[in-house]
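A short write-up of the structure that comes next.
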2 protein chains.
Amino acid sequence: MSSFKGNDGPETSSGRDEGEATLKFATWQSAVDEGFWHRLASLKLDTLQLAEHPIPVTGFFAPCSHPQVSSHVQLLLESLDNGQSRNNPADLLGNRNRVPISGMLYNTNTLEGFYSLDKQLLLKNTAQQIWHDIQSGRAAEDSRLLNRFLMISHADLKSWNFFYWFAFPAIKLPIPATSAPPKIASEVFDGNEGAGVLSACNHWRSVTPTMTHPFFLLHISVSGLVQAKPLSEWESVKLEGGKVIAAFYDPCHLPNNPGWPLRNLLAFAAIYWHVHTLQVICYRERRGQADLKQCIVFDVIIPQLPDWSDMSNVPEAIGWELNAFRKVGPRSVNLSSSMDPYKLASAAADLNLKLMRWRLLPSLDLPLLAASKCLLLGAGTLGCQVARGLIAWGVRHITFVDYGRVSMSNPVRQSLYTLDDCLNGGKPKAEAAAENLKKIFPGVHATGVKIGIPMPGHSVGKNEIPKLLEDLNQLKDLVHDHDVVFLLTDTRESRWLPTVLCADANKIAINAALGFDSYLVLRHGACPCPSNKTVGANSIRDEKESKEPDQNLKKQGLRLGCYFCNDVVAPVDSTANRSLDQQCTVTRPGLAPIAAALAVELAIGILHHPDGLYAPADQDIPVTATTDQPLGLLPHQIRGFLAHFAQLMVVGHAFNKCTACSATVVQEYRLQGVDFILKVLNEPNYLEDLTGLTEMLLATQSISLDWDENSEGTDSNPQSP
Amino acid sequence: MSSFKGNDGPETSSGRDEGEATLKFATWQSAVDEGFWHRLASLKLDTLQLAEHPIPVTGFFAPCSHPQVSSHVQLLLESLDNGQSRNNPADLLGNRNRVPISGMLYNTNTLEGFYSLDKQLLLKNTAQQIWHDIQSGRAAEDSRLLNRFLMISHADLKSWNFFYWFAFPAIKLPIPATSAPPKIASEVFDGNEGAGVLSACNHWRSVTPTMTHPFFLLHISVSGLVQAKPLSEWESVKLEGGKVIAAFYDPCHLPNNPGWPLRNLLAFAAIYWHVHTLQVICYRERRGQADLKQCIVFDVIIPQLPDWSDMSNVPEAIGWELNAFRKVGPRSVNLSSSMDPYKLASAAADLNLKLMRWRLLPSLDLPLLAASKCLLLGAGTLGCQVARGLIAWGVRHITFVDYGRVSMSNPVRQSLYTLDDCLNGGKPKAEAAAENLKKIFPGVHATGVKIGIPMPGHSVGKNEIPKLLEDLNQLKDLVHDHDVVFLLTDTRESRWLPTVLCADANKIAINAALGFDSYLVLRHGACPCPSNKTVGANSIRDEKESKEPDQNLKKQGLRLGCYFCNDVVAPVDSTANRSLDQQCTVTRPGLAPIAAALAVELAIGILHHPDGLYAPADQDIPVTATTDQPLGLLPHQIRGFLAHFAQLMVVGHAFNKCTACSATVVQEYRLQGVDFILKVLNEPNYLEDLTGLTEMLLATQSISLDWDENSEGTDSNPQSP
């Protein structure tokens, strides 16, 4: 299945001819392993990006070792050094069955670029390089330089289509070399001479310094001693007398034709040795040993050459490979069907993100995002959409917490569920969300945890305490084990405990809440009283947290507030006595996707900010002004008004009497632990008394009495007895 | 399985007692058909909403017709008149097997409300009504008034849990009535008398005027003639002499006890007839005929009553039904598992929307949205999210147009696909989107159409023309058949033809486009030159479109611009020569959900605006200001900047040289049809020449030459030769 090319252009008969005839060489054949394409794909996405410079690449071949099959130039995973991989350098040095052949890859950004490459020029440049290596004597020292290849490609990583074209540049002699028909080596070298040739070749092929050198000399001394020598010893063996035969690792299996490497060997002989006749043995093997029945021997006549030492007189080159249809043209391969769909999905999921780094956001820290663990409290309208946003940004660890089951009214608004999840009473929400997220992207580590969040004002009976403690501990552990906590539940009071836990553990907390046509997205400030014991062992923010907390807090200026900082009453049970429209989150459908998207963008912004959790709140600037951070501004709160198509950035500082994030509350939680939580749940006024809100409200009340003596002062104080 | 209650409170023995004993009555039993709950659910959602006023409801029963089974009071679908339904009035009048019993339903908004209803008071009020009907003589005229019931309920339509409790109010005599053990009627009335009783009863039960009156008299004249008479004839038959027996349709099957209706009959006899003894027959049937072997006869002794004409001396009432555990308490039923999941899903999908109408957005026109047909051009990141937003708003007709297949990189950003859709080369996108939308909400009419959108600058060869014509016609028909068209494709030029088609057909066109971190959502203006022929036959906007177009256009002031109105060059092939990051829509993941949500909200706003497509563009107002329209402002364009968390409302007026929506283009399209499109596709300068842009640009160029003689004037003009 080889193709032939005469030196003189169009092919003539390739049949056996008893007289001298133009030599016809079997072309190289390329074979690209899937591993190579995968390596190229990641190199392109991660390192090269938009760069189009040529990339060194190493092919591998071996002498033909099968009577019916030529050996190919193979491109393997290790053919490309992607800089990040732990390529064993020995891989590129090759071995007897992987003789390296060095190449250069031109990978273009576009298919149009691929087609418009000047292929003739590329080929000529490489041929010139070979010519220079011959003239300079470097090829005589290292015969591997005579075998080179070129590859052009375009990798369409969206469809996993790879277009490529190989060239094996050969210097074209001005007048083709001729030869009588070849003889089988076993007929040329018989008896002792044959045994000597076998032994010399097998030795050359088995010792490390020579095995990967595909061109060599066989010297048969006058005394009949046969030795294999490097090309550089031509002059000395010539002086010794006897026979000198040039040998090369021949990939070709054909009985009457040499393989492509002979072309550059003949050019070398003509230019460097200035010979006009040369006996050549096409070295071939069988079962790992030289096989003289396969090797063929040519007596080649090389015509007179022009003076190539003149640089203007550069030889012509040929060598672009034909495609599978034996036509001049590129090949293509589509890997999408043969790839493991799960791996393919992972690669594809990263595609858009890696592309983002090429041009628009080079500072995007994908490894950071892939390592960040996100805890989503609530797997409803917001939770589903936040999870989708996170995986789109490359976050790979997501845990859902929800106590409910998927109900029939959920799928139209909660974007991770379908009707199937609602049947037979509904699947547990957290688990269904995790399961369905994996159906979208199997590379995500998603988990669903069904626990209820203890809530102030929802008092607990004695027999409920064991379950409550279990939930509480699990929630605490979850907060500690994650890096970002999203508060996405549907009541105000269910956000209280997570706020306390995040403040205690000094975690990034992102809060999204919906009204009917307005939304609030905010990030909580850092812990008011950081403690070493609370730094989670798994936190990717350890480094930053270990800095002096005071120093960190200073960065933020006034500490940023939490969801409860604006409130002067503690959270209570808001679910009691609600009619259906108050139980269901009745919001304009557009609200949740917007708020969820902003919550995710805010989280990504914090993770990328050099000060992380301590990043100060940015104020708004004109949209035409550039932002300090590549990802843009990092606000504290975003408030949106859908009926006005308006969105505002708001800064709210921490309130020292806050019922959730104040130092008083965090310290009391650290001191009393579970007992503190139980008091909050069961004693309506406990939090307000503790934080001093009660006192403050009483003071406010007496002031209002002073100001307006006719008003019913007690009405304005919901805590009065 | 009946329960007994003596008039004197706690039960004593119910065994046969040969002497006079307190009468023990078998209580009514309720049975609620699922249809009733469905009717109640829709009544609540659509009509009652938050209202808690009592609702008239009609139960149905029949005399007992089985020796072992008492008959129930049944509540059926038609028991509730929801105002919208075509209830056959005959349904409520009942028939011999559906004797109506009128009731009052108190349905509460919350479960707490349900439990806190004053059940004793409700019961007493109903008993008083019966008492008044007796005293006034109305019950004598219409004996149906003696049977009444009460029902309290709470419908949790999120989980399809219904809580309910029936009461069958009975006036409690101050001293219980007594009787000797009953006799079987066939023993009391033998021979001719028995035949007469049978015949009289069967007649009463078979003729329309009397069959649904559950109380009557049997008069056996001195001559032995038996006649059934209404209660009002008591005095006259008494005067005639002979025997008078009071009869009632007895739901009870027990051989020794009368059913519950006898209670109010005895009260009636005591109050209205002032009798102290009464012979009563418990009328029961078998196979649709009176059966004297089942009927039992009591000789009741009614103790002396106080003077009830004094209003302050109101009788006590009893009658709350026991629950299935024979305890005092409500019952509940959960229908979610027994309901057809598809119907349940439809009901649930509407839940949030109907709840929105209760309080926040009473003007929300759900039938309009359900009838509006939306065409989504592009089923990618934006298309998927727009479709989700639309079904959440109650839109029920969605058609996707996309030419592509679902690829591995899609699911993480395109919210209607999962990995399964990518396998084996990927499903056609439009079809997969439609299919998956139905999995979310089976009630949606979703269709996927795989056609390519012809694009300017993407020239077509001769052999491609038949396919192009087919695509073009299909697209044109689709635009005509839909009410709102969303332009959500990923290139500028693919929006051109849809813009022209929407302008021609005068359809609402919503355009959403993404940059890397900015978005644009806009609605196109109306057609510059409306034509009657272009009004789609299926358009729900026919009425508005049929108004004088000029008048409509005036409303908008200056006509609003389209996506191309800002451009001074015609769209060209932007896909040629793009590197991977330019081929894929590389955007911040938060962008598409936000832009898609805004596109949907904008569409919903237009559909609700009294001027629809012709609504003028609102300018921004403070977020605290109320908006004219209940849904809020209706901007022309919304431009968002994610890095600045900013969003602006922009108004852009139509450009009279616009290459897509100008009168010149629309008229030329109407004139030339397909030929026009072909010219645009194949001739790069055609559109610019046609609209006068070329001329304008040349003029601009000469001006700029005047101003800056050193600059290379031709560079600023991409159309110069």
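Worth pointing out:
- Other-copy label distances relative to A:Ala51, 7 angstrom Cα-Cβ extension, nm: 7.4
- Copies compared at B:Arg287 - label distances in nm, ascending, label defined 7 Å from Cα in the Cβ direction: 10.1
- FRET efficiency for the B:Asn566 to A:Ser332 pair, using the beta carbon distance and R₀ = 41 Å, is estimated at 0.55.
- Residue pairs, from the table A:Lys373/B:Lys438; A:Lys427/B:Lys438; A:Lys373/B:Lys427; B:Lys124/B:Lys183; A:Lys476/B:Lys343; B:Lys44/B:Lys439, whose Cα atoms sit over 29 Å apart: A:Lys373/B:Lys438; A:Lys373/B:Lys427; B:Lys124/B:Lys183; A:Lys476/B:Lys343
- Label point distance in nm, A:Leu671-B:Ile621, each placed 7 Å from Cα along Cα→Cβ: 5.2 nm
- Residue-averaged 222 nm ellipticity for chain A, from DSSP H runs of 4+ at -39500 (n - 2.57), nearest 500: -9000 deg cm²/dmol
- Taking the centroid of alpha carbons for each part, the range B:135-182 and the range A:239-258 are 115 Å apart.
- Whole-number Å³ per residue for the convex hull built on Cα positions in the range B:643-686: 130 Å³
- Label point of B:Ser232 set 7 angstrom out along Cα-Cβ; within the range B:206-221, amide nitrogens under 13 Å from it belong to B:210.
- Ratio Rg/Rh, restricted to chain A and using Cα atoms, in which Rh is the Kirkwood radius: 1.21
- When each of B:Leu376, A:Leu497, A:Leu631 is scored by the number of other beta-carbon atoms lying within 10 Å, the sequence from fewest to most is A:Leu631, A:Leu497, B:Leu376.
- At q = 0.11 Å⁻¹ the log10 of I(q)/I(0) for the range A:178-311 amounts to -0.37, computed by Debye summation with a single uniform scatterer per C-alpha, solvent ignored.
- Each copy carries a label point for B:Asp675 at 7 Å from Cα toward Cβ; from one copy, the others' points are 9.4 nm away, ordered from shortest.
- Residue order for B:Val244, A:Val222, B:Val460, fewest other beta carbons within 10 angstrom first, comes to A:Val222, B:Val460, B:Val244.
- Three-way shape label, the range A:384-491, alpha-carbon gyration tensor, a/c 1.5: oblate
- 25 °C / 0.890 mPa s Stokes-Einstein diffusion coefficient of the protein assembly as shown, Kirkwood radius on C-alpha pairs, µm²/s: 62 µm²/s
- Packing-based ranking, highest mean first, of A:196-203, A:621-628, B:678-685, B:512-519 given that Cβ atoms within 10 Å are counted: B:512-519, A:196-203, B:678-685, A:621-628
- For the range A:21-77 versus the range A:585-635, the spacing of their alpha-carbon centroids is 47 Å.
- DSSP finds beta bridges in the protein assembly as shown, and of those with both partners inside it, around 70 percent are antiparallel.
- Cα long-axis angle, helix A:341-359 against chain A (0 to 90 degrees, to the nearest 10): 80 degrees
- If you plug the beta carbon distance of A:Gln279 and B:Glu464 into 1/(1 + (r/R0)^6) with R0 = 45 Å, you get a FRET efficiency near 0.15.
- The C-alpha atoms of chain A define a longest principal axis, and helix A:591-608 lies at about 60 degrees to it.
- Residues in the range B:119-145 that a label on B:Leu305 would reach, taking backbone N under 11 Å of a point 7 Å out along Cα→Cβ: B:131-137
- Note on the range A:38-195: with charges restricted to the Cβ of Lys and Arg (+1) and Asp and Glu (-1), its dipole about the Cα centre is near 160 debye.
- Between 0 and 90°, nearest 10: helix B:465-481 axis offset from chain B longest Cα axis: 40 degrees
- Placing +1 on each Lys and Arg Cβ and -1 on each Asp and Glu Cβ, with no other charges, gives the protein assembly as shown a dipole about its Cα centre of roughly 2780 debye.
- Separation of the range A:329-379 and the range B:195-223, taken as the distance between their Cα centroids, equals 85 angstrom.
- The range B:365-684 shape via C-alpha gyration tensor axes, a/c threshold 1.5: rounded
- Label-to-label distance, nm, for residues given as B:Leu368 and B:Tyr115 (7 Å Cα→Cβ offset): 4.2 nm
- Unit charges at the beta carbon, dipole of chain B: most positive-side option, B:Pro258, B:Val521, B:Ile271: B:Pro258
- Shape of the range B:580-671, Cα gyration tensor, a/c cut at 1.5: oblate
- Point-to-point label distance, B:Asn202-A:Leu225, nm (Cα→Cβ direction, 7 Å offset): 13.8 nm
- Segment A:Lys343-A:Lys243, length gained on full extension (0.36 nm per residue, minus Cα span): 30.2 nm
All of the numbers you see were taken from the coordinates with simple rules; none came from a lab. These numbers come from a predicted model, not from an experiment. Here Cβ is always computed from backbone atoms with ideal geometry, including for glycine, and neighbour counts include all displayed protein chains.
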